[in-house]
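Worksheet: one structure, shown below.
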Number of protein chains: 2
Amino acid sequence: MITFDTRPDRYKHWKLTFDGPLATLSMDVREDAGLSPDYKLKLNSYDLGVDIELADALQRIRFEHPEVHAVVITSLKERIFCAGANIMMLRGSSHGAKVNFCKYTNETRLAIEDASAHSGLKFLAALNGICAGGGYELALACDEILLVDDGNSAVSLPEAPLLGVLPGTGGLTRVVDKRHVRRDLADFFSTLVEGVKGKRAVEWKLVDAAYPTSKFKEAVAKRARELAAMSHRPASGPGITLNPLNPTVTDGALTYSAVTLTINRDKRTADLTVHAPSGQQPATPDDILKAGDQFWPLRAFRELDDALLRLRINEPEIGTVVIRTDGDRDAVLAIDRTLAAHRSHWLVGEIVAFMRRTLKRLDLTARSFFAFIEPGSAFAGSLFELALAADRSYMFHDDAEENVIALSPMNAGPLTMSNGLTRLETRFLDEKGKVQELLAHDGPFNAGEAEDAGLVTFAPDEIDWDDEIRLAVEARAAFSPDAMTGLEANLRFPGPETMETKIFGRLTAWQNWIFQRPNAVGDKGALKVYGQQGRPEFDWKRT
Amino acid sequence: MITFDTRPDRYKHWKLTFDGPLATLSMDVREDAGLSPDYKLKLNSYDLGVDIELADALQRIRFEHPEVHAVVITSLKERIFCAGANIMMLRGSSHGAKVNFCKYTNETRLAIEDASAHSGLKFLAALNGICAGGGYELALACDEILLVDDGNSAVSLPEAPLLGVLPGTGGLTRVVDKRHVRRDLADFFSTLVEGVKGKRAVEWKLVDAAYPTSKFKEAVAKRARELAAMSHRPASGPGITLNPLNPTVTDGALTYSAVTLTINRDKRTADLTVHAPSGQQPATPDDILKAGDQFWPLRAFRELDDALLRLRINEPEIGTVVIRTDGDRDAVLAIDRTLAAHRSHWLVGEIVAFMRRTLKRLDLTARSFFAFIEPGSAFAGSLFELALAADRSYMFHDDAEENVIALSPMNAGPLTMSNGLTRLETRFLDEKGKVQELLAHDGPFNAGEAEDAGLVTFAPDEIDWDDEIRLAVEARAAFSPDAMTGLEANLRFPGPETMETKIFGRLTAWQNWIFQRPNAVGDKGALKVYGQQGRPEFDWKRT
């Protein structure tokens, strides 16, 4: 079973070092320490395990090191920055494993851009050598790219010409949409196995600058200091420590402090419950700093994030997830008010950003989500985002009208989706006034009010409830899992598209298509044949 | 071999009737008149042949009937509007045929929306009965949808629950992005085999209104008249006649008056040449009306459109297309000036709109396009759009500097891509000033100037030309055809996304993915098993 908890003293593939406002993340992949013994991670190539460490390092810089203002990403291997995703690993992976791997690496790259946009943490890719495929895609996620000009080091996206697949981690999108490389040059570049070096790489905007070996280190240090100076992060710490989550793991359940995930394998469903906090909650930045990673929103969303990741990777047959909440709704609303009031404090900002990324992870999880809103639930404010993220929500219409939901300032802006809109704005796409009106509503909504307002999908009464929710889940779990994945990938993202949605929509969808095709994964497909005797044999029909 | 030329007196599946400012397009599919005898087109279900007639009718209304201001799309079958794409046809089709079929139907639906947006021709879907799948997607392309409320007639997208695939013609995108159906209701609706009827269909915004049978015809007629009154089309004709193109067809070539397509099967390449006009060209709307479909831009682009469609459908193994132009560059520029000056005239507007749609068809054609700009070429203005649409362009750098390209007002706005930008704006995505500067350039650009300006990809000189273009084509033709399709689908559309690019990017890519999956097309897949004994058997793993 793959887990996502790690920490710097356990890293096998990265060194994380600190020097005042600068952190340096150096890739130094251990060939023999892949997640599987079936491949060697040569030339700083990576598998999911390498990326789990990178994702962990990014979180820790944000939460544990507020004094860091810029991050240099480089390599400790001579003349090699990174050779990209390990091809033997990809060749040996199932379709689902490839897709999940690419999704996770995409989310990690987007976390770099999120840190730049929202934390003021600037990233500099220092390409000290060959930078191919996923290696270049990692560089593309940084704010700036410096390349050593040693007559040998090049950036490249050789996936299409060499392996018959696409760069799977946003490369094509970022080349044209982020770096504004001209589309015909991008076409040429993306078919060039050897890539582009030095001056031409700068001219084509593939990198920001290239320096001879003798001047490279100094140029990187200088530019890193300049980037750090642009940051609005605190001048000094302390940060907070992200301790291990340590869920109780059994065959049928993952149990955390605020999250429970129960697996029903015979029905191919899971129950995901988030527990609201109880009692007095920290209400000032100082108290939140003291509470650290035990502050409920950070703790609950870290647990939720971990549960989603484990579900994705380790439970592929669980197709439908029922989301519930329980506990003290008012405590959630009080916390939301605190978060909204102190968002400009660095730690509160980081907590809110983490909640936003976790909810995006949910949006991008290829499972059907139904929210069941029952008496005793706590679907309020930031927890109501779970119901808004779900494909549908069912709210028990009780005669006593005690089953309620509530909105908070956290529904009004901070928790945007990949499309740049809040979930309420996405839900009421042509009704801007309606969103304002709902946010201005005083107090909670009972089931009838919530249904009338369009905040929940259905509100069956006591007579219908049991049958309706049972049938809804049974029907969903019986549909083609592929059709549901495609349906959700389209319906969850109405409205505008962003670079982020383009990466997960257009680019990933095409990559998944290619990952299925015999020309890539058939016995004579390019991905199968690479590095072995013989050349790929293609079915030449274009589609 | 499938061809795309037809005319109303040959239609097998549609009746096109006229009544003053109203045209009525009535679907009445002949069961036994499918493109293949392997299936029966029951219940107004359709295959490519049905859609070719629809596309033809739309063109003729635009060009031949300027007096038509609104179009009612309905059916002559009792209690059935349209059952969507024929499932037996889909089941028997290759992957490529399914993808091409969906692409063509998508382009036809977008042509309806294009006519509404640009010609002021309003479309009313009059759903006189069951409207399922592709039938509802046709309705979604119309400006408004009226549904008969007879206790039986429903709109539905049953593809996912019934067939394990997605609605392939824009349905999911249009439901949420065009009609703003709430995403959770869209999720429920899209999993409901029986669909949604009457009042609920109106409440959920799936249709605009529902009327009892006794009032339906009258309501349709009334609303059609109201829509017609909103149009800015001319009060009366005459229009022009779209005569058959009648290319000379041999095994290796399609030869039209202004377009030649030569197929090199052993190299899997084609040569596409567009010939500029010569001599004096019509310069006023009256003269253009007189010239009719023989006016060069309409004639040349109709031929180009036809050649692209035949290439797509009939020549799947031809992966790389070299585009050339020849003839009188100045005549093209003169025509461009005429088109730009008289764009507000209905016919000139239609011609420009047709050119725009044809170029979009090229953008969406899953073949690699290289433009070769050689001495004697006519890559000027609207013909230079072909070079801008190509994945790359190579311009012969002659010592005499006689090989030139030129821009015109037609590069400045009218020929937008699916992303809403011109090809120049897309090419120079972050350089708005540069686009203006290039458009203001006086006179043509020689090869050196064009390369420096970034208007062409490469400009090899005489020493390098032959080898460079030969190697470029050979290398391209040797790559995985799937990887090239995915690469081009991403790099051709940088910048903003629109409903149109969402349909071809996000939705189509996911549909193509699902069309490959054993859960749809395997022996026990949903698409294979439908209508036969037994139920589909799914691999339950979610990806």
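Return the distance in nm (one decimal) between the two label points of a simple spin-label model at A:LYS524 and A:LYS199, each offset 7 Å from Cα along Cα→Cβ.
In this crude spin-label approximation the distance works out to 4.5 nm.
Using a/c under 1.5 as the rounded threshold, could you call the stretch B:1-138 rounded, prolate or oblate? The axes a ≥ b ≥ c are square roots of the C-alpha gyration tensor eigenvalues, and prolate needs a/b larger than b/c, oblate otherwise. Let's see the in-between values first.
Values: a/c = 1.72, a/b = 1.48, b/c = 1.17.
Verdict is prolate for the stretch B:1-138.
In what order, largest first, do B:LYS217, B:LYS502, A:LYS524 sit by accessible area if the probe radius is 1.4 Å?
Values: B:LYS217 170, B:LYS502 10, A:LYS524 105 Å².
Result, largest first: B:LYS217, A:LYS524, B:LYS502.
Under the rule of at least 5 residues apart or a separate chain, name every residue whose amide H is placed under 5 Å from the amide H of A:ILE373.
Amide H to amide H, under 5 Å and 5 or more residues apart or across chains, A:ILE373 pairs with A:TYR394, A:MET395, A:PHE396.
Return the long-range amide H neighbours of B:PHE4 (sequence gap of 5 or more, or a different chain), with a cut-off of under 5 Å between placed amide H atoms.
HN-HN under 5 Å from B:PHE4: empty list.
As an exercise, take the mean of 1/r over every pair of distinct alpha carbons in chain B, invert it, and state the Kirkwood radius in angstroms. Please report the intermediate quantities before stating the final value.
Working: mean 1/r = 0.0409 Å⁻¹.
For chain B, the Kirkwood estimate is 24.4 Å.
Please find the FRET efficiency linking B:GLU31 to A:ASN314, where r is the Cβ-Cβ separation and R0 is fixed at 51 Å, and quote it to the nearest 0.05.
On the way: r = 50 Å, r/R0 = 0.99.
Once the sixth-power term is evaluated, E becomes 0.50.
Tilt of helix B:462-478 relative to the longest C-alpha principal axis of chain B, in degrees (0 to 90, nearest 10)?
Orientation of helix B:462-478: about 20 degrees from the principal axis.
Taking the 0 to 90 degree range and rounding to the nearest ten, how far is the long axis of helix B:481-491 tilted relative to the main principal axis of chain B, both from C-alpha atoms?
In chain B, helix B:481-491 runs at an angle near 80 degrees to the longest axis.
Quick check on the stretch A:1-124: of the DSSP beta bridges with both residues there, what percent are antiparallel, nearest 5%? Mind dumping the intermediate values first?
Working: 6 of 17 bridges.
About 35 percent, rounded to the nearest 5.
Could you report the buried accessible area between B and A, both sides summed, computed with a 1.4 Å probe and given in Å² to the nearest 100?
On the way: alone 23250 and 23220 Å², together 37990 Å².
Buried area (both sides, nearest 100 Å²): 8500 Å².
Among rounded, prolate and oblate, which fits the stretch B:190-333 when a ≥ b ≥ c are the square roots of the eigenvalues of its C-alpha gyration tensor, a/c under 1.5 means rounded, and a/b larger than b/c means prolate?
Working: a/c = 3.59, a/b = 1.60, b/c = 2.24.
Oblate.
How many angstrom separate the Cα center of the stretch A:376-423 from the Cα center of the stretch A:444-485?
14 Å
Using r as the Cβ-Cβ distance of B:SER94 and A:THR17, and R0 as 41 Å, what FRET efficiency do you calculate, to the nearest 0.05? Write down the numbers at each step before the final one.
Details: r = 56 Å, r/R0 = 1.35.
So the FRET efficiency works out to roughly 0.15.
What value, in deg cm²/dmol to 500, does the helix sum -39500 (n - 2.57) over DSSP H runs of n ≥ 4 give at 222 nm once divided by the residues of chain A? Mind dumping the intermediate values first?
Working: 21 runs with 214 residues, N = 543.
Roughly -11500 deg cm²/dmol at 222 nm, from the helical runs in chain A.
Which parts of the stretch A:383-398, residue by residue, lose 20 Å² or more of accessible area when the rest of the protein chains are there, as against the chain isolated (1.4 Å probe)?
Hits at the 20 Å² cut-off: A:ASP391, A:ARG392.
Per-residue Cβ counts within 10 Å, from other chains only, averaged over B:188-196: what number is that?
Details: counts 5, 1, 6, 10, 1, 1, 0, 0, 0.
For this peptide, the per-residue mean of nearby foreign Cβ atoms is 3.
Can you tell me how much longer the chain between A:LEU471 and A:THR255 gets when fully stretched, taken as 0.36 nm per residue apart minus their C-alpha distance, in nm with one decimal? Numbers along the way, then the final one.
On the way: separation 216, 0.36 × 216 = 77.76 nm, distance 2.70 nm.
Full-extension gain reported as 75.1 nm.
Could you please state how large a percent of the accessible area of the protein assembly as shown is carbon and sulfur, counting protein chains only and using a 1.4 Å probe?
49 percent
Would you mind working out the accessible area per residue for chain B, using a 1.4 Å probe, and quoting it in Å²? Provide the component values of the computation, followed by the final result.
Details: 19010 Å² over 543 residues.
Solvent-accessible surface per residue comes out at 35 Å².
Quote the FRET efficiency, to the nearest 0.05, computed for A:ALA235 versus A:GLN436 with a Förster distance R0 of 60 Å and r equal to the Cβ-Cβ distance.
On the way: r = 38 Å, r/R0 = 0.64.
Once rounded, the FRET efficiency stands at 0.95.
Measuring label to label, 7 Å along Cα→Cβ, what does B:LYS15 give against each other copy in nm, shortest first?
Label point to label point, same position, other copies: 8.2 nm.
Return the whole-Å distance between the Cα centroid of the stretch B:100-135 and the Cα centroid of the stretch A:95-112.
Here the answer is 37 Å between Cα centres.
Can you list the copy-to-copy distances for B:ARG343, using a point 7 angstrom from Cα toward Cβ, in nanometres, shortest first?
4.1
5 Å is the cut-off here: which amide hydrogens, built 1.01 Å from N in the peptide plane, fall below it relative to A:ASP461, excluding neighbours closer than 5 in sequence?
It is A:HIS397, by chain and number.
For the protein assembly as shown, just say rounded, prolate or oblate: build the C-alpha gyration tensor, square-root its eigenvalues into a ≥ b ≥ c, call rounded for a/c under 1.5, and beyond that prolate if a/b exceeds b/c, oblate if not. Could you put the intermediate results ahead of the total?
On the way: a/c = 1.78, a/b = 1.18, b/c = 1.51.
Note, shape of the protein assembly as shown comes out oblate.
Compute the helix-to-body angle for A:346-363: its Cα long axis versus the longest principal axis of chain A, expressed 0 to 90° and rounded to tens.
90 degrees
Taking the label point as lying 7 angstrom from Cα along the Cα-to-Cβ axis, what are the distances from B:PHE4 to the corresponding position in the remaining copies, in ascending order and in nanometres?
So the distances to the same position in the other copies read 4.6 nm.
Can you tell me what the convex hull of the Cα atoms of the stretch A:1-56 projects to on average, as an area in nm²? Intermediate results must be reported in sequence, preceding the final value.
Working: hull surface 16.6 nm².
Mean projected area of the Cα convex hull: 4.1 nm².
Apply the Karplus curve 6.51 cos²θ - 1.76 cosθ + 1.60, θ = phi - 60°, to the phi angles in the stretch A:275-288 and return the couplings in whole Hz, x for Gly and Pro.
9, 5, x, 10, x, 5, 10, x, 10, 10, x, 4, 5, 5
The values are calculated or read from the model by the stated rules, or taken from the named source; none is laboratory data. This is a predicted model, so every value here is computed, not measured. No Cβ is skipped: glycine too gets one built from the backbone with ideal geometry, and neighbour counts run over all protein chains shown. Please note that ligands, DNA and RNA were not included when accessible areas were found on the heavy atoms of the full protein model with its side chains. Shrake-Rupley method; radii C 1.70, N 1.55, O 1.52, S 1.80 Å.
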